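One structure below.
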Amino acid sequence: MSWWSRLTGGKSESQIRPQRLDYLSEALALERQGDYAAALTSYRLALRDKPDDHRVLQNMAIAYTRTGQIEEAVRCYRRALELKPTLSGAHYGLAYLLLKRGDVEGGAEHLEAFLASPPSGPEADRWVRHARETLGELHGAPAPDATLEPPDAPDHAR
């Protein structure tokens, strides 16, 4: 801003504040469009602004999972759970990633944590049922319809 403008009552450059982008919303929109690489960039920017935001970490884990970056997804889920140990969506997602890696004990532990305080609602019922069936299979109880592959990421994780 020019000195004349400041002299006549305009705002100084130090008073002008740039608007912050809502990187989380941007990332979610990019994911809906299927652009996971760009979504991950926006999640990283959101995390830079709020390094301890469990929502960003959980959504990053989902995007990493969808791009096949399993180790990064596991890391994000674990960090989200450090920040908020009762985060049911993170327990659910992490459980299936651990099972995919062959860590049956770790997967079962996170399924049990998910079921200890599951989300509620009609949509959540399918996730709870799937977790119970998978846990039953892991403990040796036959579950004819169960699969170790989770359904698509639940919306409650968003």
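Can you name every residue in segment 56-81 that is part of a helix (DSSP H, G or I), surrounded by fewer than 19 Cβ atoms within 10 Å (Cβ to Cβ) and either modelled with pLDDT under 95 or touching a Phe, Trp or Tyr at 6+ places or on another chain (Cβ under 7 Å) (or both)?
ARG66, GLU72
Starting from segment 38-55, take each residue that is in a loop (DSSP other than H, G, I, E, B) and list its partners that are open to solvent by 20 Å² or more (accessible area, probe 1.4 Å), counting only C-beta distances under 6 angstrom and pairs at least six apart or across chains.
Hits for this filter: ASP52/LEU83.
Among the residues that make up segment 99-118, is at least one of them more than 19 Å from the chain's Cα centre (by Cα), polar (S, T, N, Q), modelled with pLDDT under 95 and in a loop (DSSP other than H, G, I, E, B)?
No, the conditions are met nowhere in segment 99-118.
Can you tell me which residue is farthest from HIS130 (Cα to Cα) among those in segment 82-98 that are of a type in the set (A, V, I, L, M) and surrounded by 21 or more Cβ atoms within 10 Å (Cβ to Cβ)?
Of the residues in segment 82-98, the ones of a type in the set (A, V, I, L, M) are 83, 87, 90, 94-95, 97-98.
So of that shortlist, the ones also surrounded by 21 or more Cβ atoms within 10 Å (Cβ to Cβ) come out as 87, 90, 94-95, 97-98.
Details: LEU87: 18, ALA90: 15, LEU94: 14, ALA95: 12, LEU97: 15, LEU98: 16 Å.
Of everything passing the filter in segment 82-98, LEU87 is farthest from HIS130 (Cα to Cα).
The values are calculated or read from the model by the stated rules, or taken from the named source; none is laboratory data. Please read all numbers here as calculations on a predicted model, not as lab measurements. We place every Cβ from the backbone using ideal geometry, glycine too, and count neighbours over all the protein chains shown. Just the protein is used for accessible areas: all its heavy atoms, side chains included, with ligands, DNA and RNA removed. Shrake-Rupley method; radii C 1.70, N 1.55, O 1.52, S 1.80 Å.
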